[in-house]
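Engineer: Submitted below is the structure of interest, expressed as structure tokens.
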Amino acid sequence: MHDMPDTDDQDADAEIFWPSGYKEIIRYRLGPEMVSRFIEAGAFHDIYEERFNDRFRDYEQFVERLAEIVVIGCENGAESAFDEIHLSFRNSLPLPEARPYARYFFPGPFSRELKDEIYEKVFDEYSISHGYQHIYEDHYEGILDFDSFIKQVANFVSTGSENGADDALGTIYRSFLEALPLPLARRRPKRIR
């Protein structure tokens with residue numbers, strides 16, 4: 001029997017991840033915006049008093065938890081959008097079309113400025129990504145120019161992030177309506193190139 005060295009730490013150091021600066025915008029902008037909207041509207045104060053005041057120190061801590069769920073949903077929505085993009089090029093399909101929802105739950109998880117910031121960050125990061133330059137050359141060159149390719153990617157991801165935030169808000173509402181615990185929210189692992 002041979003002794004195999006443990007190379008997990010070395011392997012992890014060698015892993016290269018796709019750019020994810022847009023997540024910083026989501027984490028540091030969306031969370032506080034949602035907390036402000038929840039507090040300003042007093043939207044969930046009654047449900048907090050009825051069912052959650054024994055689990056959270058105060059209403060603000062409660063809405064911070066709700067905002068965290070929405071932030072994670074937003075990040076996961078962006079990740080799902082990237083998954084669809086990768087599925088498209090692997091199967092030699094056109095890029096997917098952005099599909100914003102017709103209506104979003106109150107208090108509307110996104111401001112126009114936030115969506116634009118996410119779009120711009122994805123555009124900036126992926127327009128200089130060698131991986132996406134190769135994806136473009138291998139699958140979309142001749143169909144559209146590189147700038148249009150990255151614009152479609154950025155639009156799809158920013159819309160996916162908005163839809164993901166709304167989906168998370170929907171799960172919160174369902175938990176309230178059905179008298180369930182708050183939904184679990186788990187971040188997906190970083191995407192490795």
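The values are calculated or read from the model by the stated rules, or taken from the named source; none is laboratory data. Please read these numbers as outputs of a predicted model, since none were measured by experiment. As a convention, Cβ positions derive from the backbone with ideal geometry for all residues, glycine included, and neighbour counts pool all protein chains shown. To get the accessible areas, we keep the full protein, side chains included, count just its heavy atoms, and leave off ligands, DNA and RNA. Shrake-Rupley method; radii C 1.70, N 1.55, O 1.52, S 1.80 Å.
Engineer: Would you confirm, using the coordinates I've provided, whether Asn163 is modelled with pLDDT of 95 or more, part of a helix (DSSP H, G or I), open to solvent by 60 Å² or more (accessible area, probe 1.4 Å) and not charged (D, E, K, R)?
Structural biologist: Details: modelled with pLDDT of 95 or more: yes; part of a helix (DSSP H, G or I): yes; open to solvent by 60 Å² or more (accessible area, probe 1.4 Å): no; not charged (D, E, K, R): yes.
In short, no.
Engineer: Next up: Residue by residue through the range 85-119, note down the ones that are part of a helix (DSSP H, G or I) and closer than 19 Å to Pro32 by Cβ.
Structural biologist: Here is the first cut: in the range 85-119, the residues part of a helix (DSSP H, G or I) are 85-90, 112-119.
Within the range 85-119, Arg112, Glu113, Leu114, Lys115, Asp116, Glu117, Ile118 qualify.
Engineer: Report yes if Gln133 is farther than 21 Å from Arg29 by Cα, polar (S, T, N, Q) and either modelled with pLDDT of 95 or more or open to solvent by 80 Å² or more (accessible area, probe 1.4 Å) (or both), otherwise no. Walk me through how you get there before you give the answer.
Structural biologist: On the way: farther than 21 Å from Arg29 by Cα: yes; polar (S, T, N, Q): yes; either modelled with pLDDT of 95 or more or open to solvent by 80 Å² or more (accessible area, probe 1.4 Å) (or both): no.
In short, no.
Engineer: Of all residues in the range 162-188, how many are of a type in the set (A, V, I, L, M, F, W, C) and either touching a strand residue (DSSP E or B) at 6+ places or on another chain (Cβ under 7 Å) or under 24 Å from Arg112 (Cα atoms) (or both)? Even if it seems obvious, please write down each step before you answer.
Structural biologist: Pass one, the range 162-188, residues of a type in the set (A, V, I, L, M, F, W, C): 165, 168-169, 172, 176-177, 179-180, 182, 184-185.
Still in the list and also either touching a strand residue (DSSP E or B) at 6+ places or on another chain (Cβ under 7 Å) or under 24 Å from Arg112 (Cα atoms) (or both): 165, 168-169, 172.
Residues in the range 162-188 being of a type in the set (A, V, I, L, M, F, W, C) and either touching a strand residue (DSSP E or B) at 6+ places or on another chain (Cβ under 7 Å) or under 24 Å from Arg112 (Cα atoms) (or both): 4 in total.
Engineer: Same structure, new question: In the range 82-130, what count of residues is obtained for those that are open to solvent by 90 Å² or more (accessible area, probe 1.4 Å) and either among the aromatic types (Phe, Trp, Tyr) or under 25 Å from Val63 (Cα atoms) (or both)?
Structural biologist: 4
Engineer: Within the range 58-80, take every residue that is within 14 Å of Arg188 (Cβ to Cβ) and of a type in the set (A, V, I, L, M, F, W, C) and give me the one that is surrounded by the most Cβ atoms within 10 Å (Cβ to Cβ). Give the steps one after another, and end with the answer.
Structural biologist: Step one: of the range 58-80, the residues within 14 Å of Arg188 (Cβ to Cβ) are 71-80.
If we keep only those that are of a type in the set (A, V, I, L, M, F, W, C) too, we end up with 71-72, 74, 78.
Values: Val71: 26, Ile72: 22, Cys74: 32, Ala78: 27.
Per the criteria, the residue is Cys74.
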